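Scroll down for the structure; my scribbles are underneath it.
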Amino acid sequence: MDRINVHFEDVQEGDEISDWAPIENISRSHFVRYAGASGDFNPMHHDDTVAQNVGYPSVFGHGMFSAGVLSHYVTDWVGVGNVRKYGVSFRGQLYPGATLTFTAKVDKKYKEGDENRIDATLQGVDDKGTVIINGTLTAALPSRG
Amino acid sequence: MVDKSIVGTEMGGGGMVVERGKIMEFARAILDENPVYFQENDAPAPLTFTMAGAHWPTSGGGGGAKLADLGLDLLRVLHAGQEYEYLGEIKAGDSLTSRSVISDVSEKEGKRGGTMTFITSETTFTNQRGEDVLKSRTILVQTSKAAS
């Protein structure tokens, strides 16, 4: 996806971003690669036998995998180094084969000291409409002025 | 039920060197192709990078309580959320130390009955110059029955 690195003047309260490219074909390889990178080898994320034994249909992604992927859409949008706060809550399981789509909504635009800030809410939904992750963002945006 | 008196309990500390190769590996794992993470010098840490330190053995710090010591049943504990406050830059080559404290315990009635207990652990990361660069809050939830 394009790294827009949006300016403060380009953003209005109520703006919604719904054209971020979805991630298709979420796979076990995504979860295994995240397990290796993060060191989180909870077998629920790579061993179907373990996941099924406790009632899940299959392995599912780490919450922090979805949080990490969402965070890169965020930094592509507002710029690396401009994020002041980022928070997520995990709402549903991300299963292999899913398509994951993220959206954002600008809730507030304001000055904080010398900084031009925005607060936004974020969401990741799978192709069945299940909310996988909700997020909040505070970013300081550069000004054109 | 978790005893609310655990708020304030020190969970010990840890150490983490921010390695360039780990930044690249982490960026790939979150499908981030931004060249800034692959540059030779001063690559910044991705926003959630410090999760890669949460599973490291403590080096230096340690000595704090473990979750099981606080009366939590780990089989019923799930990661409910994560929050970050970015106070400064974290770059390849930095050496971070962290210290964690239980900052909040609250209860909520679950939709399917039973009480859910939310436990927040707040970790402050300090760099090699003594600057606090990141506050990270991990929100865990303990369900009243075994997760199934």
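Annotations for the structure displayed:
- Degrees separating the helix B:20-29 axis from the principal Cα axis of chain B, which is the longest one: 60
- Counted charge near A:Ala98, where neighbours are those whose Cβ lies closer than 13 Å (Asp, Glu -1; Lys, Arg +1): -1
- Compared with the dominant principal axis of the Cα atoms in chain A, helix A:28-38 is inclined by about 70°.
- For the protein assembly as shown: rounded, prolate or oblate by the Cα gyration tensor [a/c cutoff 1.5]: rounded
- Cβ-to-Cβ counts within 10 Å put B:Tyr86, B:Tyr37, A:Tyr110 in ascending order as A:Tyr110, B:Tyr86, B:Tyr37, the fewest first.
- Per residue of B:23-35, other chain Cβ atoms within 10 Å of the residue Cβ number 6 on average.
- Rounded to the nearest 10 degrees, the inclination of helix A:63-78 to the longest alpha-carbon principal axis of chain A is 20 degrees.
- Average beta-carbon neighbours from other chains, 10 Å sphere, peptide B:72-82: 3
- Label-point separation, A:Thr121 to B:Asp132 (7 Å along Cα→Cβ), nm: 2.9
- Charge dipole (debye, nearest 20) of the protein assembly as shown; +1 at Cβ of Lys and Arg, -1 at Cβ of Asp and Glu: 660
- Ratio of Rg to Rh over chain B (Cα coordinates, Kirkwood Rh, two decimals): 1.03
- Scattering profile of the stretch A:13-141 at q = 0.12, 0.13, 0.20, 0.22 Å⁻¹ [log10 I(q)/I(0), Debye over alpha-carbon scatterers]: -0.49, -0.56, -1.10, -1.26
- Cα lying deepest toward the dipole's positive end in the stretch A:13-141, options A:Ser27, A:Ala51, A:Thr103, charges on Cβ: A:Ala51
- For the stretch B:47-52, 3J(HN,Hα) per residue [Karplus equation, 6.51 cos²θ - 1.76 cosθ + 1.60, θ = phi - 60°, Hz, x = Gly/Pro]: 4, 10, 4, 5, 4, 5
- Dipole-positive endmost among A:Gly81, A:Thr130, A:Ala120 within the protein assembly as shown (Cβ charges, Cα centre): A:Thr130
- Most positive-pole-ward Cα, B:Ser144, B:Pro46, B:Thr97, against dipole of the protein assembly as shown from beta carbon charges: B:Ser144
- Student exercise, chain A dipole from Lys, Arg, Asp, Glu Cβ charges, in Debye to nearest 20: 260
Bear in mind these aren't lab numbers, they're just calculated from the coordinates by the rules spelled out. The shown structure was predicted, so the numbers you read here are calculated from the model rather than taken from an experiment. Positions of Cβ are generated from backbone atoms using ideal geometry, with glycine treated the same way; all protein chains shown enter the neighbour counts.
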